[in-house]
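One structure below.
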Amino acid sequence: MKITNALVNVCSPGRNFVTLKIETDDGIYGLGDATLNGREMAVVSYLTEHVIPCLIGRDPFQTEDIWQYLYRGAYWRRGPVTMAAIAAVDVSLWDIKGKALRTPVYNLLGGKSREGVLVYAHAHGSTVEEAVDDVGRHVELGYLAVRAQSGVPGLESTYGVPKGTQAYEPAERGLPSESRWSSELYLRHTPRLFQKIREAFGEDVHLLHDCHHRLTPIEAARLGKDLEPFHLFWMEDPIPAELQVGFKLLREHTTTPIATGEVFNTIWDAHDLIRRQWIDYIRTSVVHAGGFTHLKKIADFAAIYNVRTGCHGATDLSPITMAAALHFGIAIHNFGIQEHMPHSAETDEVFPHAYRFDAGYMYPGDAPGLGVDIDESLASKYPYQRAYLPINRKLDGTLTDW
Ligand code: EZ4
Ligand code: CO
């Protein structure tokens, strides 16, 4: 089999998605997600100008060699743009393999290690009371694990809480908006949120929380300690991950489990955190960490150190990545949990898929390949619109991590 053509689709059914379609000489095609939120067109250009011309004529079954060709062969390695492009190629090729062999991708990754993939939902409210209600709504929907975020008194907006009544979507069309941040107010408030949630729902529901890289190590250590009575499943992205020794400081102060890595692109971003056992869950995703070929290596390395996976799964990861994450999560041994932020109805219509949610778990379905398609004529009705993630400043105006 040979690759004959590859096309990039950019559409915006509610939010932007970049999709790679690789076609072969025997009529089978594969799909890969290449969406990099707020920087979509950089990946489009990388794919069309630099990657696609090198793919034509290659054997789509050679996933390892093609991965190395695109990674090592470029000389300029790593980074989110490059790795999202490589991921899109890799995932498309695994989709082709599955279709050609008439089997779901999870069978190529080790077969089923479990019946379903445990997922966590994202609950939010502008007040503690609203957030508690939203946790309740998700428990009613059947979720066994819920991440809770609430507005902070004294701050106009924060990560994970929409401004209106719509579902949470971090990217906004137009130029970047700006929010204000105070770690002091957040640290004072957040333990109360989890106290109220535990009071309302008891110990059975798994609770998670995302700090979204906003704290210093000692601030995160304080939060981790203050949250210990509420037995969180994890504290997500407590600190920015550039200076990784900060996780050591945090780790030495708290038993609250720690997850990080949604912005990581390769094992080289994660290996120290893993082998020093400073984290419990690695959040690298199929789309932002080089596809199945690379993510499998990260997961296998993590398994040696008792680190489990907790792949990123926000709405900017397309239904193709959701499907990929489910095939991956059902197959690998050290799966931990999978994030699930449901897509809008428009997005689900543009990307018809075989996966489904039932009683706290998700299932990839048994279709050959990934079990996701793209309706290109419907997609063309939703043209790309420039969008950005917000910018964050401290109360005195200093730019800080969003
Ligand atoms: O802000 O995916 O866990 N989920 C998250 C996300 C990220 C977005 C950024 O594009 O932290 O909501
Ligand atoms: Co996060």
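The values are calculated or read from the model by the stated rules, or taken from the named source; none is laboratory data. These numbers come from a predicted model, not from an experiment. For neighbour counting, all protein chains shown are included, and Cβ atoms are generated from backbone atoms with ideal geometry for every residue, glycine included. In case anyone asks, the SASA skips ligands and DNA or RNA and just uses the protein heavy atoms, side chains included. Shrake-Rupley method; radii C 1.70, N 1.55, O 1.52, S 1.80 Å.
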Per residue of the stretch 331-344, in order, report the coupling 6.51 cos²θ - 1.76 cosθ + 1.60 (Karplus, θ = phi - 60°) as ³J(HN,Hα) in whole Hz, putting x for Gly and Pro. 9, 7, 6, 8, 5, x, 7, 10, 6, 9, 10, x, 7, 5
Computed over the chain: longest principal axis from alpha-carbon atoms vs helix 128-141 long axis, angle to nearest 10 degrees, is 40
Probe radius 1.4 Å, ligands and nucleic acids ignored: give me the carbon and sulfur share of the accessible area of the chain as a rounded percent. 52
What's the center-to-center distance, using Cα atoms, between the stretch 170-222 and the stretch 9-55 in Å? 34
Please give the solvent-accessible surface of ASP366 in Å², to the nearest 10, using a probe radius of 1.4 Å with every protein chain present. 110
Write down the accessible area per residue of the stretch 108-366 in Å², having rolled a 1.4 Å probe over the full set of protein chains. 39
The helix 217-227 Cα axis meets the longest alpha-carbon principal axis of the chain at an angle in degrees, between 0 and 90 and rounded to 10, of 70
Over 22 Å between Cα atoms: which of LYS196/LYS248; LYS248/LYS297; LYS99/LYS296; LYS21/LYS381; LYS97/LYS297; LYS248/LYS296 fall into that group? LYS196/LYS248; LYS248/LYS297; LYS248/LYS296
At 7 Å along the Cα-to-beta-carbon direction for both ARG192 and HIS333, put a label point, then send me their distance in nm to one decimal. 4.7
If you fit an axis through the alpha-carbon atoms of helix 183-201 and take the longest principal axis of the Cα set of the chain, what angle between them do you get, 0 to 90°, nearest 10? 90
Would you rank MET41, MET83 by solvent-accessible area, highest first, keeping every protein chain in place and using a 1.4 Å probe? MET41, MET83
Between LYS381 and TRP268, how many nm apart are label points set 7 Å from Cα along the C-beta direction? 4.5
Reported to the nearest 10 Å², ASP25 has, with a 1.4 Å probe, an accessible area equal to 90
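Stretch HIS50-GLU178 to full length: gain in nm at 0.36 nm per residue minus the Cα-Cα span?
Details: separation 128, 0.36 × 128 = 46.08 nm, distance 3.42 nm.
Gain on extension, HIS50 to GLU178, equals 42.7 nm.
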Please find the FRET efficiency linking HIS253 to ARG275, where r is the Cβ-Cβ separation and R0 is fixed at 25 Å, and quote it to the nearest 0.05. 0.75
Label model pair GLU203, TYR305: point-to-point distance (7 angstrom along the Cα→beta-carbon line) in nm is 3.1
